[in-house]
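No value in this document is a laboratory result; all are computed from the given coordinates. As the structure is a computational prediction, the values presented were derived from the model and not from experiment. Here the Cβ positions follow ideal geometry from the backbone for every residue, glycine too, while neighbour counts run over all protein chains shown.
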Amino acid sequence: MFYVFNLKKITKALKYIFLLFLLICLVFAIIFKIYPIKYLDEIYYYSNKYDLEPALVCAIINVESGFNKKAVSKKGASGLMQIMKSTADWAAEEIDIERYSYDNIFNEKLNLNIGCWYISKLKKQFDDNLIYVLAAYNAGSGNVSKWISDEKYYDNFGNLDIPFPETKEYVEKVNKNIKFYRILLDIFGGNYD
């Protein structure tokens, strides 16, 4: 009788442990559905090449395409980082991409190379101001340059008040994503230093 009683307790404890394990798996499945992690080798490579934080690159990819390398926007931006043809053509000249063709923009390496180069270019243009960089990635650097040079685009606290609702939401989403990707890459990103 003593062994049966302990066996029942052990069986019950194992059931709870199994349910807890299933719950943890479900939580991680939901997290990775909302914040996917793909193409890490390429993301770390191009982040390092252009001196970018990998969490920033992951956050932009997630907001831009949801890590869908075949994504195409209504405006014609394509691939993981939603690169426009004009930006890709410019980048191909600037960084001397051999055998470049915009037809290959869905290739994750080409897309990440161009996207990370462009973010790096924006960081230099806007003195590493992440708000300006993200707004420029979404709305164009010309718009952001116009906004930051005109007082009417600032709130009472001296912060840029982005006039495009889509861009304002984009900046907020990417910033939120960066926080989560910092944690996820710390835990699951491997050692890419």
Report task. Return the Rg/Rh value of the chain, two decimal places, where both radii are evaluated on C-alpha atoms and Rh is the Kirkwood radius. Result -> 1.17
Query raised in the report: About its Cα centre, what dipole magnitude does region 107-166 give when the only charges are +1 on Lys and Arg Cβ and -1 on Asp and Glu Cβ, stated in debye to the nearest 20?
Result: 320
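Using the number of other C-beta atoms within 10 angstrom as an exposure proxy, rank TRP117, TRP90 with the fewest first.
Ordered from fewest to most neighbouring Cβ atoms within 10 Å, TRP117, TRP90 come out as TRP90, TRP117.
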Query - In region 46-147, the trypsin sites (Lys or Arg not before Pro) that fall in loop regions by DSSP, at most 12 other Cβ within 10 Å - result: LYS70, LYS74, LYS75, ARG99
Query raised in the report: With r defined as the distance between the Cβ atoms of LYS8 and ILE34 and R0 fixed at 35 Å, what FRET efficiency is calculated, to the nearest 0.05?
Result: 0.35
Report task. Kyte-Doolittle cut-off 1.6, length cut-off 18 Å along the helix's own axis using Cα: show which whole DSSP H helices in the chain pass. Result -> 2-34
Report summary line: Contact order relative to length for the chain, counting C-alpha pairs under 8 Å separated by 6 or more residues, stands in percent at 20
Report summary line: Put in order of increasing Cβ neighbours within 10 Å, starting from the fewest, GLU172, GLU151 give GLU151, GLU172
Requested in this report: Would you mind counting up the charge near ALA92? Only other residues with Cβ under 13 Å from its Cβ, with Lys and Arg at +1 and Asp and Glu at -1.
Outcome: -4
Requested in this report: Could you tally the net charge around LEU80, taking each other residue with its Cβ under 11 Å from the Cβ of LEU80, Lys/Arg +1 and Asp/Glu -1?
Outcome: +1
Report task. Divide by every residue of the chain the summed helix terms, -39500 (n - 2.57) for each DSSP H run of at least 4, and state the resulting mean residue ellipticity at 222 nm, rounded to the nearest 500 deg cm²/dmol. Result -> -21500 deg cm²/dmol
Report summary line: Listed with the fewest Cβ neighbours within 10 Å leading, CYS25, CYS58 appear as CYS25, CYS58
Requested in this report: Holding the Cα-Cα limit at 21 Å, pick out from LYS75/LYS123; LYS33/LYS85; LYS69/LYS173; LYS74/LYS179 the pairs that are longer than that.
Outcome: LYS75/LYS123; LYS33/LYS85; LYS74/LYS179
